[in-house]
Structures are given as C-alpha cells and as structure tokens.
Amino acid sequence: MEPGAAGAVGTRLASTLLVPLVKRLFVQDEPGAGLVAEPVRISALVSFRGEQRALGEAQLGKLTTELVRRACRDVPPAERPVPEDEERAVAFALTRTLLALGDVGMEDVQAVRLGHREFARVLRAGAPRAERGLSADATRLYGSLLDTACLHVLHFFTRRSTFVARSLVEQSRELDGLVRTLDVLVARVPAQDAADVRFERRYADFLVGKHGTLTIHGLDLRQRREWPLDTAYLTLEATERTPQPPAGPPAGNGAPPGVAPHTTTLPADRVLVDHERVLLRGDAGSGKTTLVQWLAVSTARQDAAPGTAHLLGRVPFVLPLRTLTRGGARLPVPADFLAATSCPVAGAQPPGWAERVLDAGRALLLVDGVDEVPAEERDRTRRWLRDLVTAFPGNLWLVTSRPSAVTDDWLDAAGFAELSLAPMSRTDVAAFVHRWHHAAGAEPALGEALLTAVRGQQDLARLAVNPLMCGLICALHRERRGFLPRGRKALYDAALSMLLERRDRERGDIHHPDGADLDEESQVELLQKLAYWLIRNGRAELDRSDAVELLARVLPAMPQVAARGSAADVLQHLLVRSGVLREPAPDTVDFVHRTFQDYLGAREAVEERDIDLLVRHAHLDQWEDVLRMAVAHARPDERARLLGTLVERGDREPDHRTRLHVLAAACLEHATKLDPAVRAGVERRTAALVPPRGLDEAKALARIGPAVLELLPGPGELTVAEAVDVVHTAAQVGGDAALPVLLRFRDHAYDGVARQLGGHWDRFDTETYAREVLAHLTDRPNAFLTARSNEELDRLRALGGAVSVAVHGEFTPDRIASALDPDALAELRLAKNPLLTDLGFLSAYSSLHSLDLADCPAVTDLSPLEDTHVTHLTLRDMAGLRDLRGAAALTRLRYLGLSRDVHWPGAAALPRTAPLSHLQLPRHGSELEGLELLPSLTYLGLWDLTVPPRVSDWAAVAAHPGLRELALRPTDVLDLAAARLPMPRLSRLYLLVDDEECDLAAVTALFPGLVHVALNRAGYADLAPLVELDSLESVFVSARQVENAHRLPPYVDLTHLTVR
C-alpha cells in the first residue's frame, strides 16, 4: 500500500461508524449533569473500568474488528490497505491502544488542547507493544484509524455538558497563572535597554543549544550518544539535614520533641526554591553536572513550567571550575564570565551587562565542580565566591562538589545551605533503564531482563547507584547479550574494552584517517599515563602540548605504536577514536568522565609502585576513588602493603583517622586476595567507628558495603539516636545481606527507627521486605510505609491495610486509593506527584487524621479536605497552592506545618474556629500580625524564616496570650531583645543555633519562665546563664563543646549529644 493510502482510508471512514464506537468507549452523563469546577480525568470516563463496566474487552474487540473490516471494504483489490489475513492483527492493536484510555492521566480539557494527532501519540506511548509485529502496511493503517478515532474522541469530549464549564475554569486558572508570572517578572526584571534585551535572547538561545542535549557515556557509539535533555533528564532526590520541627508534646522517653536531626528529601531540581544559595554534594557520576545543565536550560527557556517561578526573569551563568582554573588562571569577575568559559557570543555582550544582571539580583550562578579545583587553590575559590555573594546579593547560587572535597561548613559563612544528591532508588534505576533502552532502540524485553538481574544480584544493585554506572551497565548488558561482569573493576574493564577496541572492530571501521591504529592494550598504556599526570598534579585538564610531550616520552618504549605516527598523531587517535578522551576547548585535553581518569590513573600508580605516594594523598577527596581502584589493580603483596600503610597512617593522624580507616574498609570489597592479618587489622579499626553518630557517618559506613553489616550492634546496645543511625546504615547497604540486621530492629519502640524501616522498601526485594519487615509495622503510627512503584502499591494493599503510609511518585488518585485501606489509614504522605489535582478522594478515609503533601504542584485548593477528619496538615513545595486557598474551611485543624515553597498569606487565611495549637511557618512567613486570630495557638515554629520579622510582627508574638512554645534562631532572640519584648509566659524554647553565637543571657532575660531549653547544632555552648531560670527542669544540647554544665542545679535533667 502506498504511504498516502492509509490516510485516505481514515478520511473515508464515516462518522456513522466511528461515533457509535466512541460513545461505547465512554460512560454517558447522568440526567441533569450540571456544571463542575474541576476537570475530569479521561481514565474516569471510560466504560471498561470500574465496578460497573458497560463495555468489556471482548466487546471492544468486536467493535474494532468491524471498524477495520469496514475500512478495508468497498475498495479495489489493488488499493486494499492490508491483506485480509492481517485485518485481525490491526484490530487487536487498535483494541490494545484504545484500552490505554483507561490509564491516561490527563484531563479531557488537556487532551482537546493537544489535538487529535498528539493525543494519538499519547495513546500509542501508553500501549508500546500493541503494534509490535505489524507489517509496514498494517502499521500505517493502524495509525490512520487511531488518528481518526482520536479526532472523534476529542469531538465527543467537547460536546459533553460539563466541558464548557471546565474549559472556562481551566482558562481562568491559566490566566491567573499568567498574571502571577507577569507579577514575578515585573518585580524581578528592571527596565532594560534594547541592546540588553537582544543579547539576553541570543545568549539564551546559545545556552539551550549548548546544554539542551546530554551525553550518555554508557550509550554504545553504534547508536547516538546525544540525548535531548528533556528526554534524558531524570529527576533525582537531594537530602538536607535539618532538625525536625516539634509537632507535639514530648515523647514518652522524656526527649524533647524536634531536637533530633532530620533528613528531608526534595527533588534535586527544586533545591533553589527554598534556598538562595546551595552547596550540593554528590559522588562521581551522580548527576551534578546534568542538574546544572537542566537548570541552565530551564532558566534560559523561561517557559514558566510548574515549580519554576524562582527561575523566571533570571539569567543563567554556567561556570565550570575546571575550565575557570585551567592553568592557574585568575577567577573571573562578572564581566569576564562568558569569555572565561569560551562562550562564542561573549564578544557581543553589551558593556556592563553582566554587572547589571547581578546588581538586579537576576542571576542564576551555577558553579560546577569544586572538587576539580586543586586542593591548594580551593581557599582562593572560596574567597572568590564570598566576594561575589557580598558584592551582588539577591542572586541564586548552586555550587557543586564531591562529598569530601570540602568541609561541612565550607560555605556556611557565605550563607550556603548544604544538600546532598541521594543515590538512585530502585524506581529511579527502573526509569533510567527504560529510557536508556528506548533511546538506544533496544528491545524493551532486554531492559526488563536487566532490571531482573539488578534486583536479583546484590553486587550489581550496589553498582547501579548513579546515572553513569547505570549507563555503563545498560551498554554492557546489551553488548554482551545479557551477560554482565561482577564488581566495579570488571565493569570498568569491560566498558573500556567496548569503548577502545570492540566498537570499531564490530563496526568494521578499519580505516583510521588520523593515521594511527592502536590495539586496546596500547591505548590503555597511553591513557593511564595522561590520567596519572592529571591526578598527581591535581588537575582535571591538561594542555594539548603537555599531552603530546607526555606521550612522546612513552613512545620509545612502545616501538609498535611509534611506528604508526608521531606523538601528536597518537593523541589525535585517542581523541577521535577512544571514546574516553576529549578536547573540551581548543588545545585542551581531558577525560570524558572523572571515573575513567581515576580508574586508569590508579593502574599507572600501581605499575609505578607508588604506594607511599597513594597513602600520602589518601586524605584528599580527589584521591579516594584512585585508592579504591589501586587496591583492585594491585597484586596481593602490593595490596597488603597499601592497606597496611593506610591504616597505620590513620592511627598516627587523629584528624584524618576516621576518613582513612573508612576508606581502608571500603577498599576491602576490591581485595579479592589479601593477607588475613591485614584484613583483620582493617576490620578491627572499622569496628571502632561503630555505631555511627549521625546520618552522615551512617552513609559513609554504608559505602563500605556488606562488610560493615557484621559490625553493626543490635538494639539492646544502643541509644534511640544510635539505633536510627545503625538502621539507616543497614538500609543504605540494602539487599538480602542487610535484611537480618533490620529484622533485629523490627519491634523497636522508637518512631524514628520505624520511619527508617518504612522508608527504605525500594532498596530490597519487594515481596520479601513486605513480608519480613513491613507486615510488622502496619499498625505503627509514624512508620510511613513508603511505596514508590506500582509493585509496591499492589503489595501494600495485600498487607491488609497500614496505619501510616507514604506514596512517592506520579500516581493518579484512583491508583493511590487502590492501595489504601479506608478503615485503617490514619497518616498519609503524598510526595512528588504532579498528577494529583483534587484531594476529594481522601474523604473516603474516615480514620485519616494526618496528611503530609510534598511537591504536588497541581494541587491548588485545600477545601476538599473539609469533608475529611484531618487534624494535622504538613505542606512542603506546593507551588500551585496560592494563599493557602481553601484552608479556612478546615475547622478541625490542630497542627499546620508549612515549609519550603509554600506561600504564607497571614493568619487571616486560617480557620478562626479551629483548635489550631501548633503552627510551623515557611521561609517567607515573617508576616506575624494577626496571630490573635488564632486563640488556641500554643506553639509557633520560626526556624525556617529567611526574612526577619518586623518589630510589629514580634509584638504580635509577644502579645499572644496562649503561646507557650517557640522555635527560634539566635538572631531572633537578639531582635526580641532589641525590641524589648519579653515573654514571661513562655515555657519551652527550641533554638536552632547552627554554629552561630547564642546569647543565653538574653534568653534568660526574655523568657524567665522557661521550663525546657533545647540548643540544636551548637558549636560551643556556655550554659552558665541558664542558672538564672528558677523554673528550669530540662536542657537538651547538641554541641561539640559544652561549658559550665556542672553549674546547673541537680534537679535539671541535662541531655548532651556530642557533635563530631
């Protein structure tokens, strides 16, 4: 059949045939159906879902069979679209695709806006296997019939009685969104001259073109290596350590509420929503640079997507430090930002433009790779950052680094919040694998087979923790037809083999225009020389001339390579053919990823027997992976010497002891053969680091791998805080080996332990973890059994109902409801769900009293909660919820916690008759006048404030007659003292010190009636002033150093948590 014939067939189909089919697909309006305010999901309209199905799959098959038969009838034999024996296959494909209507998450209004052809593409994506096996002619007929059917489906939507009303509502919302967007732009973007406007448009186009594609280093070069960023970008999570805001009375064990550090998670691309300045840590290959690209492109496009209001009107500057510090160059001032990064439009920059952007607070500064700056130059880099922040306040900053490159407080003085990229979850890995195989044009079944292997093989699952490693695993799995090497070294060996030799050989690429033709072993020898030079010199790049000179020194010892060309020819071959080396700028050479550099450099270090040099540098973050790979490359005697010398250095140097001993323990997994005495010495020193103190130490121990599990103590030997950290360590290791450790904590009484157990389901086999762990937590409050996949949702309901549940990810309300028990559910957290629009489905849960919503940007109204029994409500990152719309209807509310991207309109937006006793305010929640409208208020949390309240706001706080508990920062205490606003009725004070100076004398003067004081994350705390508090009963301090604790009266209960 000619390609145009299928379209003609679709055009000839009469409405008399398609209209009845479409009507049968959807439920009919009830008599008297009226106007509704909310859009309707297509999945709720289909007639073949739900308890009362009006159309079965078999009946739909009959309709599509008739449709195909009629399409092929009454045409001359020469024009018949498909042979008669293919009609049934087309009808089956059409049936499977139309059944995908039941899974479409969009609303009818959105579908109509897409148009029928784009809507047909949505349905085809929802049933990717439907057309498998069709011939070319059959595929064309199937596509034509589907397009035509979708045209009639959309026409059907527009004729429903409620469609016009919903369209008007949708348009009103869009107009409201546009107005808000314009308000942001007017406030953020000053009047500009025409030259600035033209240049910004040109610069934005360049950024989109440069950063709008992503190189996937694992993708075999027989396929395309560049992915569109929109397709390739995978939203990962970032974690932030914060004290948990108090949410109620003290726990039964007497510990004050909210003083323990708490890890919160948020989408990595939203880290700048709640923070103006962020230092983001992440391991090699974890996606730091990809996140920088995504933020740059999103800002350059200015498309006002949900959750990106903070990027509107801003101008991104991508500043890779490896480029800026090349050759010891001076770090640039704003006028030189573009030239220093070799931006080709730098010459067209209007004079003073960059300074005008930063002066207006419109810049988004993306400073990538502190770890790629030589250690001796990092102080200079920090001074440069501090000077820029001081000179140009009000801009957004994201600085990235490997975790151990800088100290925890490296940018604290400049006001940077510190977050870390989390390892990929099982759900993230599944999404990546599916996208990779789609981009590579690989069979979906191959991807499913790989996921089965990752879930079933613990060593493989431990490697698949970041996008780089996942990409390599995908490529090797496909290349080796399902066989994968075990262990990191074997994986890198296989990846290099694929990149250096097998790719060209299997492509038949025998002609080398650069003049050289090198085998795999020769290329590795040469590459490792370059890699080790970079490592020894603390550089990420080297000049081309230096690279040529390094290779020239080696060539006399490699006559077979020297015979094929000069050192310059050999370097050119490595740049063009190896897939490992590249030229990021003219006359500059680097490795495509730091991981390859470390792997190859470690091999060279071992061959040069530079054991002492490796150990001398082991405390530096840039050498950490080099040490690990050196142990893998080394022979047994070299390995024993390396590890023995490493732990001995840790014994001698207390400042580096923890880091060196943990590194030695982490190296054991690469030591396939090792002197038993050396192994025992490493394990003995590791045991001294257990139990970990804090989640950061827990994560560091988890990186050692399964070997650390045997060292973890049981619950009877631990405090509650230590129990949380031990469980977190085991859960981060994950897999079958970690399960016995967690089983010992299954019945632990502390809620924090239960939350750790409930929150790590995705790191274990779904069925086993549900049966062995979660089944014992279903009746535990605050456990939050967390489901992130359809498989976990299905198993959750099979557990028989849980009291405390969290659902993370893109699920429709119907899908969420299918996993929840209406009679049992009491606490629910819904997170990272752009599909959630209406909360009305929660009215079916009569026992639900606590609801936590995080990053659900399509929720715009809280009033549906009026019909629920929710008394505790927490909102985080709710970009679509303006002015707390609908909150005034929640008359049962007792607790309201607001944080991150949640707008605080003031107390007038809250229900005056509600028994609201606890209120936690977000960063911009400094509008405190009107608190008298909340007479039941006893607790007010102001830890998150970044905008200081006015004196009138503090006066409203001090005047509130019922307020008994406050969560403040030290600067708030100083503001209250300056305003002379004592609060003698206050009984409990929670201070988030964060290493600031804290004037406890002012505390005792302002709050003479205090019964309890908590000092969180203090560097130094002198408790002497607290002696003046006659009513004091208890003190909690988390600090590195405490003075004068002995001066407190003996009846005061003191809890001191030492911070390392």
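The values are calculated or read from the model by the stated rules, or taken from the named source; none is laboratory data. The structure presented is a predicted model; accordingly, all values stated were derived computationally and were not measured. Using ideal geometry, Cβ is built from the backbone for each residue, glycine included, and neighbour counts are taken over all protein chains shown.
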Would you check which residues across the range 214-226 are buried (at least 18 other Cβ atoms within 10 Å of the Cβ) and either assigned to a strand (DSSP E or B) or at pLDDT 70 or above (or both) and list them? LEU214
If we take the range 689-796, then helices (runs of 4 or more DSSP H) inside it with 1 or more residues that are without any contact (Cβ under 8 Å) to a residue 24 or more places away in the chain and closer than 22 Å to ALA819 by Cβ are 766-772
Considering only the range 814-828, how many residues are surrounded by 21 or more Cβ atoms within 10 Å (Cβ to Cβ), in contact with a Phe, Trp or Tyr (Cβ under 6 Å, 6 or more places away or on another chain) and not in a loop (DSSP other than H, G, I, E, B)? 0
Within the range 829-849, the residues that are of a type outside the set (S, T, N, Q), farther than 20 Å from ALA879 by Cα and not in a loop (DSSP other than H, G, I, E, B) are PHE841, LEU842, ALA844
Taking the range 315-338 on its own, how many of its residues are surrounded by fewer than 18 Cβ atoms within 10 Å (Cβ to Cβ) and either of a type in the set (Ser, Thr, Tyr) or in a helix (DSSP H, G or I) (or both)? 4
Going through ALA422, ALA413, ALA391 one at a time, which residue ends up being over 28 Å from GLY313 (Cβ atoms) and free of Cβ contacts under 8 Å to residues at least 40 places away in the same chain? ALA413
Filtering the range 868-915 for residues that are aliphatic (A, V, I, L, M), under 20 Å from GLU927 (Cβ atoms), part of a loop (DSSP other than H, G, I, E, B) and modelled with pLDDT of 90 or more leaves a count of 5
Here, helices (runs of 4 or more DSSP H) confined to the range 570-641 with at least 2 residues that are among the small types (Gly, Ala, Ser) and touching a Leu at 6+ places or on another chain (Cβ under 8 Å) are 594-607
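Residues are listed down the side, and each one gets a yes or a no for (1) modelled with pLDDT of 90 or more; (2) within 28 Å of GLN302 (Cβ to Cβ):
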| site | (1), (2) |
| --- | --- |
| GLY327 | no, no |
| PHE337 | yes, yes |
| PRO350 | yes, yes |
| VAL357 | yes, yes |
| ASP368 | yes, yes |
| ASP379 | no, no |
| ARG386 | yes, no |
| PHE392 | yes, yes |
Only one residue in ALA562, ALA547, ALA552 is small (Gly, Ala, Ser), under 30 Å from LEU338 (Cα atoms) and over 35 Å from the mean Cα position of the chain (by Cα). Which one? ALA547
Would you check which residues across the range 785-841 are over 24 Å from ALA887 (Cα atoms), in contact with a helix residue (DSSP H, G or I) (Cβ under 8 Å, 6 or more places away or on another chain) and β-branched (Val, Ile, Thr) and list them? THR786
Go through (1) farther than 16 Å from ALA363 by Cα; (2) surrounded by fewer than 21 Cβ atoms within 10 Å (Cβ to Cβ) and name the single condition HIS310 misses. (1)
Residue check for ALA91: modelled with pLDDT of 75 or more, part of a helix (DSSP H, G or I) and small (Gly, Ala, Ser): yes
Going through ASP999, ASP1022, ASP995 one at a time, which residue ends up being in contact with a Lys or Arg (Cβ under 8 Å, 6 or more places away or on another chain), of a type in the set (Asp, Glu) and more than 19 Å from GLN920 (Cβ to Cβ)? ASP995
Show the residue pairs that are 6+ apart or on different chains and have beta-carbon atoms under 6 Å apart, the first residue being within the range 938-963 and without any contact (Cβ under 8 Å) to a residue 40 or more places away in the chain, the second being among the charged types (D, E, K, R). THR938/ARG964; SER952/GLU929; ASP953/GLU929; ALA956/GLU929
So which of THR390, THR400 is hydroxyl-bearing (Ser, Thr, Tyr), in a strand (DSSP E or B), in the same structural domain as VAL273 (by TED's automatic domain parsing) and under 25 Å from LEU295 (Cβ atoms)? THR400
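Yes or no, residue by residue, for (1) among the hydrophobic types (A, V, I, L, M, F, W, C); (2) modelled with pLDDT under 90; (3) surrounded by 17 or more Cβ atoms within 10 Å (Cβ to Cβ):
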| position | (1), (2), (3) |
| --- | --- |
| ILE473 | yes, yes, yes |
| LEU476 | yes, yes, yes |
| PHE483 | yes, yes, no |
| SER497 | no, yes, no |
| GLU520 | no, yes, no |
| LEU551 | yes, no, yes |
Among the residues of the range 787-802 satisfying the criterion of being touching a Leu at 6+ places or on another chain (Cβ under 8 Å) and surrounded by fewer than 22 Cβ atoms within 10 Å (Cβ to Cβ), which is farthest from THR768 (Cα to Cα)? GLY801
By residue number, the members of the range 399-409 that are in contact with a Leu (Cβ under 9 Å, 6 or more places away or on another chain) and crowded, with 21+ Cβ neighbours inside 10 Å are VAL399, THR400, SER401, VAL406
Hey, among LEU279, LEU295, LEU266, LEU291, which residue is modelled with pLDDT of 80 or more, part of a strand (DSSP E or B) and either of a type in the set (Gly, Ala, Ser) or buried (at least 22 other Cβ atoms within 10 Å of the Cβ) (or both)? LEU279
Residue within the range 934-947 that is more than 18 Å from ASP274 (Cβ to Cβ) and among the aromatic types (Phe, Trp, Tyr) present: yes
For residues in the range 629-660 being farther than 24 Å from GLU607 by Cα and buried (at least 16 other Cβ atoms within 10 Å of the Cβ), which is modelled with the highest pLDDT? GLY650
Could you tell me which of the residues VAL357, VAL345 is β-branched (Val, Ile, Thr) and either farther than 24 Å from TRP294 by Cβ or surrounded by 14 or more Cβ atoms within 10 Å (Cβ to Cβ) (or both)? VAL357
Subset of the range 576-589 [touching a helix residue (DSSP H, G or I) at 6+ places or on another chain (Cβ under 9 Å) and modelled with pLDDT under 85]: ARG577, SER578, GLY579, VAL580, LEU581, ARG582, GLU583, PRO584, ALA585, PRO586, ASP587
Every residue from the range 651-676 that is among the charged types (D, E, K, R) and either within 14 Å of PRO636 (Cα to Cα) or not in a helix (DSSP H, G or I) (or both): GLU653, GLU669, LYS673, ASP675
